[in-house]
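Engineer: To start, I am sharing the structure in question, which I have written as structure tokens.
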Amino acid sequence: MNEKTGFFRKPAVQSLLGSLISILIGLLIGFVVLLLINPAGAGAAIRTILLNFMTKSSGPALMKALGNTLVKTSPLLMCALSVCFCYKVGLFNIGAAGQYEAGAGVALYCALGLHLNWFVCLVAGMLAGALLGAISGALKAYRSVNEVISGIMLNWITLYLVNTILTAPGIKDPTSPYTLTLSTTNPSAIIPSFGLSALFANNKTVTIAIPLAVLIAVAIWVILTKTKFGYELRATGFNKDAAKYAGMREKKNIIITLAIGGGLAGLGAGFLFLSGYMQWSVTQTSVPGMGFNGIAATFLGGLHPIGTIFSSFFIQNITDGGSLIDKAVYPSQISDLISAIIIYTCGFAAFFRQMMNAFIAKKADKNEPNANAVAEEGGKK
Amino acid sequence: MLLLIQYTLIFASVLSLVALGGCFSEHSGVINLGLEGIMVMGALGGALAMSRLPATTSPFVIVVVTILTAVVFGVVYSTLLGFAAINFKADQTLIGTAMNMLATAASTVFVRAMNTSVNPNNVSTEVSYIATKPAFIVKIGGFEFNWFMLIAVIALVASYIVLYKTRFGLRLMACGENPQAADSVGINVYKMRWAGVLISGMLGGLGGIVYITAGVSSWKFDVGVAGYGFLALAVMIFGQWKPTKIAMAALLFGFFRALSYVYTGISWLASMNIPSTVYIMMPYIISLIVLAFTSKNSKAPKAEGIPYDKGSR
């Protein structure tokens, strides 16, 4: 029994359980809404949302669908990492959406306007995101502008700026509101696949962006927890003044953090738009949801870079699953509804942990009067 | 020119209503980033009321019922923020973001399900309220006076009086500045913060219906309210959390938004050939610059965003 309480006391186990409960609540409410709309197909619909690509009948079709989901998971993961990295340093990077826009705008401009190759486009997109992040950081460090506020402003400024830049002839398709496709205009700007697409039934949009995103997630985890640099950043997040007193340059750290966060989000946009999966619509008048979904994935992933890999995949999976349900009966936005409820319940994570600890403590008290002493002994072993 | 004034006033009405909502919430100590979502819900409530009321109803009844429904929807939705941020001490930025996502998703799902239940082939997310919309408008020459403009002015004056001239308002602001001190003199901080959040729900919901009836007579709910909630937050900060300055900021922001719609009709502006996106970006750029110069001695409530814990010192 002792070992069991120890297991549930672990923070990692608690945040995993918290995330699972959030998911369950989200799915349950989603299911009830489906039942209310039409009880007959609700079971099948929630199954489709959850299983997504696994509902495809043949092997190749299944792999192709999985490939599509993964292609969209990689930018989501990058945005989530961006938010996660900054949050660990005590900064709420709501500007990830804008940094993502900047990355998309510059990457596509380099690809379609300047006909550069994929690597240059990708790096340019990353730098654009980083620049935007650094602006937010500098405003915070030197002018005490809250990063949430400057992030929101920059999200909108960047959206319209990118729309304007990408409307130029040679970049935008004259017959539609979208930018030209990379495959017809500049195939060298498409991120290479190195044979990966063969694994996914020749899904041409599957590129090395996917494994790269996972590697970056691991790298972020290592940087944050195993290096002096990461330690300094986290110390700045805990207490700016204490960090300054300890000889850390807290202003520089804030700017660097948001620049890295911005770079991650910008890179994410490059991963998506340079895979040739989709084009930018220059008439869009709302900030793309990717940055906000990134916030959802971050918190669902327990604010852990590795957890974020799984949560990003999960969120993208149910989003794609939503587009597969019978649209004559159910709206595909049901997935967005589920995601939104999941992120709302994630807000209760701290409370949940508290409850759990209180429950464990109470149970231990009741079952064994000297449980604490035993637990301490167990801890020493 | 008349059109420019009309648009400026109606957009300023939207922005000042929602910004005042944010103002009440933040003065009580809760950051309301979910204003965008609250607007969507208010818009949904108001639009449903307008589409259900028969066109033969007297204009007065239409106006009152629409406003009440929008307000109720906004207030009910804002309880999501109050519950999480005040009672459960959740991260307010996270909850606000979730509320914005949830409002758009939920209203889209709801409107689509409703449309499909009436006509199985109708999969749109649109609510039309063309029949009852004229109830809000009084034509004075070429100028279309909208009752919402009057309501925005009333809300401004009322907010000013409530915040600065009543015991309730001063206590509310105390909870956003120093909740521990407020508690020590017997003010119930939790109650005050709930009041702030619910008032922001009321004004935000109202702003939502004003926004979607401003220029059009039907609304597609999958686009939400296109960032007006965030623009209102900018107005609130630009207005330094004070009703009078918020009114000025709303007029300025509303003016630029109106310009982006009507500049083609003003010959010297049209001849400059500036794309409409520039006018749309203007308010954001101006507020960012102003913030950069004024944030050092910001007038923001000192304790905003920090969950109140009775036990902490």
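Derivation of every value follows stated rules applied to the coordinates shown; laboratory data play no part. This structure is a prediction, so every number in the text was calculated from the model and none was measured. Neighbour counts run over all protein chains shown; Cβ positions are idealised from the backbone, glycine included.
Engineer: Grab the eigenvalues of the alpha-carbon gyration tensor for region A:90-231, scale each by 5, take roots, and send me the semi-axes largest first in whole angstrom. Walk me through the intermediate numbers first.
Structural biologist: Numbers: eigenvalues 171, 111, 25 Å².
Rounded to whole Å, the semi-axes are 29, 24, 11.
Engineer: Considering Cα pairs under 8 angstrom that are at least six residues apart, work out the relative contact order of region B:31-158 and quote it in whole percent. Kindly include the intermediate steps, with their values, before the conclusion.
Structural biologist: Values: 135 pairs, mean separation 41.2, N = 128.
Computed over region B:31-158, the figure is 32 percent.
Engineer: Given A:Leu112, A:Pro174, A:Val123, which one lies farthest toward the positive end of the charge dipole of region A:71-187, if we put +1 on the Cβ of every Lys and Arg and -1 on the Cβ of every Asp and Glu?
Structural biologist: The listed residue farthest towards the positive side: A:Val123.
Engineer: Local charge sum around A:Ser193 (other residues, Cβ-Cβ under 15 Å, Lys/Arg +1, Asp/Glu -1)? Before the final figure, lay out each step's value.
Structural biologist: Details: positive: A:Lys64, A:Lys204; negative: none.
Once positives and negatives cancel, what remains is +2.
Engineer: In debye, nearest 20, what is the charge dipole magnitude of region A:233-376 about its Cα centre with +1 on Lys and Arg Cβ and -1 on Asp and Glu Cβ, if you could check?
Structural biologist: Using Cβ point charges on Lys, Arg, Asp and Glu, region A:233-376 gives about 520 debye.
Engineer: Dipole of the protein assembly as shown (Lys/Arg Cβ +1, Asp/Glu Cβ -1, origin at the Cα centre): which of A:Gly270, B:Met1, B:Val223 lies farthest to the positive side?
Structural biologist: A:Gly270
Engineer: Take the Cα of A:Ser176, step 7 Å along the line toward its Cβ, and report every residue of region A:261-293 whose backbone nitrogen sits under 16 Å from that point.
Structural biologist: What the label zone holds, given the 16 Å backbone N cut-off, is A:273-284.
Engineer: Evaluate the distance, in nm, between pseudo-label points positioned 7 Å from the Cα of B:Leu2 and of B:Asn188 along their respective Cα→Cβ axes.
Structural biologist: Each label point is offset 7 Å from its Cα along the Cβ direction, giving 5.3 nm.
Engineer: So, one more: Give me the percent of DSSP beta bridges within the protein assembly as shown that run antiparallel, rounded to the nearest 5. List each step's numbers first, then the result.
Structural biologist: Details: 9 of 10 bridges.
That works out to approximately 90 percent antiparallel.
Engineer: Under 26 Å Cα-Cα from A:Lys88, which lysines qualify once same-chain neighbours fewer than 8 residues away are excluded?
Structural biologist: Once the sequence-local lysines are set aside, what remains near A:Lys88 is A:Lys10, A:Lys72, A:Lys140, A:Lys226, A:Lys228, A:Lys240, A:Lys244, A:Lys251, A:Lys252, B:Lys89, B:Lys296, B:Lys302.
Engineer: Also: Suppose R0 equals 51 Å. What FRET efficiency, 1/(1 + (r/R0)^6) with r the Cβ-Cβ distance, do B:Ala55 and A:Leu199 give to the nearest 0.05?
Structural biologist: Values: r = 61 Å, r/R0 = 1.19.
Efficiency, rounded to the nearest 0.05: 0.25.
Engineer: Which whole-Hz couplings ³J(HN,Hα) result when phi for each residue of region B:151-157 is put into the Karplus expression 6.51 cos²θ - 1.76 cosθ + 1.60, θ = phi - 60°, listed in order with x for Gly and Pro?
Structural biologist: Couplings: 4, 4, 5, 4, 4, 4, 4 Hz.
Engineer: While we're here: How large is ³J(HN,Hα), in whole Hz, for each residue of region B:65-81 in order, when computed from phi with the Karplus curve 6.51 cos²θ - 1.76 cosθ + 1.60 and θ = phi - 60°, using x for Gly and Pro?
Structural biologist: Going residue by residue, I get 5, 4, 4, 4, 5, 4, 5, 4, 4, x, 5, 4, 5, 5, 5, 4, 6 Hz, with x marking Gly and Pro.
Engineer: Could you calculate the FRET efficiency of A:Phe8 with A:Thr227 from 1/(1 + (r/R0)^6), where r is the beta carbon distance between them and R0 is 22 Å, rounded to 0.05?
Structural biologist: Details: r = 31 Å, r/R0 = 1.40.
Efficiency, rounded to the nearest 0.05: 0.10.
Engineer: Dipole of region B:2-295, Cα-centred, from +1 at each Lys and Arg C-beta and -1 at each Asp and Glu C-beta, to the nearest 20 debye?
Structural biologist: Details: 14 positive and 8 negative charges, 83 e Å.
In total the dipole reaches around 400 debye.
Engineer: I need the semi-axes of the equivalent ellipsoid of chain A: take the C-alpha gyration tensor, multiply each eigenvalue by 5, square-root it, list largest first in whole angstrom. Please list the in-between numbers first.
Structural biologist: Details: eigenvalues 271, 171, 68 Å².
Here the semi-axes work out to 37, 29, 18 Å.
Engineer: Which aspartates and glutamates have a Cα lying under 13 Å from the Cα of A:Lys204, excluding residues fewer than 8 positions away in the same chain?
Structural biologist: Within reach: none.
Engineer: Where does the protein assembly as shown land on the Kirkwood hydrodynamic radius, alpha-carbon pairs, in angstrom? Don't skip to the answer; put the middle values down first.
Structural biologist: Values: mean 1/r = 0.0379 Å⁻¹.
Final number for the Kirkwood radius of the protein assembly as shown is 26.4 Å.
Engineer: Using a simple charge model, +1 on the beta-carbon of Lys and Arg, -1 on the beta-carbon of Asp and Glu, nothing else, what dipole does the protein assembly as shown show about its Cα centre, in debye to the nearest 20? Intermediate results must be reported in sequence, preceding the final value.
Structural biologist: Values: 46 positive and 24 negative charges, 238 e Å.
For the protein assembly as shown, the charge dipole is close to 1140 debye.
Engineer: Restricting to DSSP loop positions (anything but H, G, I, E, B) with no more than 16 other Cβ atoms inside 10 Å of their own Cβ, which trypsin sites (Lys or Arg not before Pro) remain in region A:165-247?
Structural biologist: A:Lys204
Engineer: Output the peptides B:237-250, A:180-193 sorted from most to least packed, where packing is the average of other Cβ atoms within 10 Å over each peptide's residues.
Structural biologist: Numbers: B:237-250: 22.1, A:180-193: 17.5.
Descending packing order for the listed peptides: B:237-250, A:180-193.
Engineer: Something else: With contacts defined as alpha carbon pairs under 8 Å and 6 or more residues apart, what's the relative contact order of chain B in percent?
Structural biologist: Numbers: 562 pairs, mean separation 116.4, N = 313.
Dividing the mean separation by the residue count of chain B yields 37 percent.
Engineer: Of the trypsin sites (Lys or Arg not before Pro) in region A:248-342, which ones lie in a loop per DSSP and count no more than 11 other C-beta atoms within 10 Å?
Structural biologist: Working: sites: A:Arg249, A:Lys251, A:Lys252, A:Lys327; in loops: A:Arg249, A:Lys327.
Within region A:248-342, no trypsin sites (Lys or Arg not before Pro) qualify (loop, at most 11 other Cβ atoms within 10 Å).
Engineer: Just round it to a whole percent: the fraction of Cα-Cα distances in region B:190-313 exceeding 26 Å.
Structural biologist: Every Cα pair in region B:190-313 considered, those over 26 Å come to 37 percent.
Engineer: Return a whole-number percent for the relative contact order of chain A, with Cα pairs under 8 Å and 6 or more residues apart as the contact set. List each step's numbers first, then the result.
Structural biologist: Working: 666 pairs, mean separation 122.0, N = 381.
It comes to 32 percent, rounded to a whole number.
Engineer: Same structure again: What whole-number distance in Å separates the alpha-carbon centres of region B:43-84 and region A:124-188?
Structural biologist: Each part reduced to its Cα centre gives a spacing of 37 Å.
Engineer: Using only Cα atoms, figure out Rg for chain B and give it as a multiple of 2.2 N^0.38 Å.
Structural biologist: On the way: Rg = 19.7 Å, N = 313, 2.2 N^0.38 = 19.5 Å.
That works out to 1.01 for chain B.
Engineer: Going by C-beta contacts inside 10 Å, put B:Leu53, A:Leu108, A:Leu274, B:Leu3 in order with the fewest on the left. Show your work: numbers first, answer last.
Structural biologist: Numbers: B:Leu53 18, A:Leu108 28, A:Leu274 25, B:Leu3 15.
The most exposed by this proxy come first: B:Leu3, B:Leu53, A:Leu274, A:Leu108.
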